[in-house]
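Scroll down for the structure; my scribbles are underneath it.
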Amino acid sequence: AAKKTGGNKVTIYSEKLSQSSIERPRLEAHLRKAIENEKIEVFYQPKINLKSGTIFGAEALVRWTDAEFGFVPPDVFIPIAEDTGLIQPLWELVMKLACSQVSKWNAARPQPLSISVNFSARQFQEPVLMLQKVKEILAESQLLPKNLEIEITESILLSNSSEIVQALESLKDIGIAVSIDDFGTGYSSLSYLKDLPINTLKIDKSFIQNINENHENAEIPEAIINLARSLHLDVIAEGVEEEYQKDFLLSKNCVQMQGYLFSKPLSKEEFEKLFI
Ligand code: C2E
Ligand code: MG
Ligand code: MG
Ligand code: MG
């Protein structure tokens with residue numbers, strides 16, 4: 001299906017790119033160059049608190065437009081980066097760009113923003129290196145640790161390794177928040193969840209998009225909201241596109257939201273114009 005944000009050309013390329021084993025090495029080579037030359041951008045999608053009526057943070061979402069391939073969606077190039085090891089320099093670049101940008105914005109705002117960065121499983125394969133890099137980037141950007149959140153998927157936790165729990169504990173000790181992205185799609189062991197050093201459950205957008213005008217098909221988001229409450233965790237809904245989805249979430253006292261209803265991911269210039 002054609003993406004809302006792109007034309008046909010983009011879609012045809014994406015499908016071709018993700019399937020073709022011939023295009024993949026070329027795409028990888030282009031991506032490697034783009035990372036080396038810092039030809040990668042970060043977009044920022046606001047996170048809203050409907051109760052206080054404020055934007056309290058933003059999610060950093062990586063963007064890459066190649067001269068030959070055009071706009072390549074992260075769903076296409078992140079898996080390639082993960083398979084090839086490029087995810088390490090890409091992660092460092094995104095962290096660097098996002099932390100320094102938000103640190104600058106925070107200097108100009110009465111209420112600081114928190115920036116959420118997506119971490120891949122690869123980052124947790126060398127947790128000591130990861131922690132060292134995180135500390136380094138925080139120091140350089142002068143972003144306060146409490147204004148950094150990391151988003152990890154449930155699959156990272158599935159391995160149930162003590163090393164990963166330890167890495168999360170260390171992040172928490174520094175003051176960094178941890179959010180479980182796409183929550184509900186990854187079969188977390190619920191008993192395990194209880195003992196993890198995490199702060200937030202982020203309800204996957206597929207569940208939010210199933211909620212209709214009559215607030216039907218809302219059993220799963222409602223269950224996740226209740227689960228978060230029982231475990232004393234924050235909860236945020238992603239992919240909120242419709243007024244009635246927002247209304248449902250508010251009726252269940254889930255007040256943190258992110259989605260096209262409020263704003264698409266924005267370039268740093270657009271974000272600055274609107275919110276800083
Ligand atoms: P994610 O972390 O779950 O990010 C949310 C995705 O949903 C983003 O897609 C965002 O643009 C999109 N989105 C936000 N609001 C709405 C909405 O109301 N409706 C719909 N249909 N979509 C919405 P995007 O930017 O294409 O990123 C896709 C995925 O790529 C991300 O999913 C994340 O898993 C990965 N990704 C993006 N940037 C990074 C990054 O810097 N590092 C890593 N490791 N992964 C990244
Ligand atoms: Mg995310
Ligand atoms: Mg998500
Ligand atoms: Mg995702």
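The values are calculated or read from the model by the stated rules, or taken from the named source; none is laboratory data. Being a predicted model, the structure only gives us computed values, none of them experimental. As a convention, Cβ positions derive from the backbone with ideal geometry for all residues, glycine included, and neighbour counts pool all protein chains shown. Heavy atoms of the whole protein, side chains included, go into the accessibility calculation; ligands, DNA and RNA do not. Shrake-Rupley method; radii C 1.70, N 1.55, O 1.52, S 1.80 Å.
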Enumerate the aspartates and glutamates that LYS172 could reach by cross-link, defined here as Cα to Cα under 12 Å, with residues fewer than 8 away along the same chain left out.
GLU149
Which distance in Å, rounded to a whole number, links the C-alpha centroids of the range 136-177 and the range 56-72?
23 Å
Mind checking the per residue accessible area of the chain for me, 1.4 Å probe, whole number of Å²?
50 Å²
Which whole-number percentage describes the relative contact order of the chain, with Cα contacts under 8 Å and a sequence gap of 6 or more?
17 percent
Hz values of 3J(HN,Hα) by residue in the range 137-152 - Karplus curve (6.51, -1.76, 1.60), Gly and Pro given as x:
5, 4, 5, 5, 7, 6, 7, 6, x, 5, 9, 10, 10, 10, 10, 10
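How would the range 129-206 be classified by its alpha-carbon gyration tensor: rounded, prolate or oblate, with rounded meaning a/c under 1.5 and the a/b versus b/c comparison settling the rest? Write down the numbers at each step before the final one.
Values: a/c = 2.34, a/b = 1.64, b/c = 1.42.
It is prolate, given that a/c is not under 1.5 and a/b is the larger ratio.
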Once you place label points 7 Å from the Cα toward the Cβ at ASN199 and SER100, how far apart are they in nm?
2.4 nm
For SER52 and ALA223, what is the calculated FRET efficiency with R₀ set at 30 Å and r taken between the beta-carbons, to the nearest 0.05?
0.75
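Whenever you get a sec, compute what percent of the accessible area on the chain sits on carbon and sulfur atoms (1.4 Å probe). All intermediate terms of the calculation are to be shown ahead of the outcome.
Working: 6880 of 13780 Å².
Carbon and sulfur atoms account for 50 percent of the accessible area of the chain.
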Using the structure shown, select from LYS133/LYS273; LYS51/LYS146; LYS39/LYS96 the pairs with a Cα to Cα distance greater than 25 angstrom.
LYS133/LYS273
For the pair ASN212 and TYR244, the simple spin-label estimate (label points 7 Å beyond Cα toward Cβ) gives in nm 0.8 nm
Can you list the aspartates and glutamates whose alpha carbon is less than 14 Å from that of LYS246, not counting same-chain residues fewer than 8 positions off?
GLU213, GLU216, GLU222, GLU238
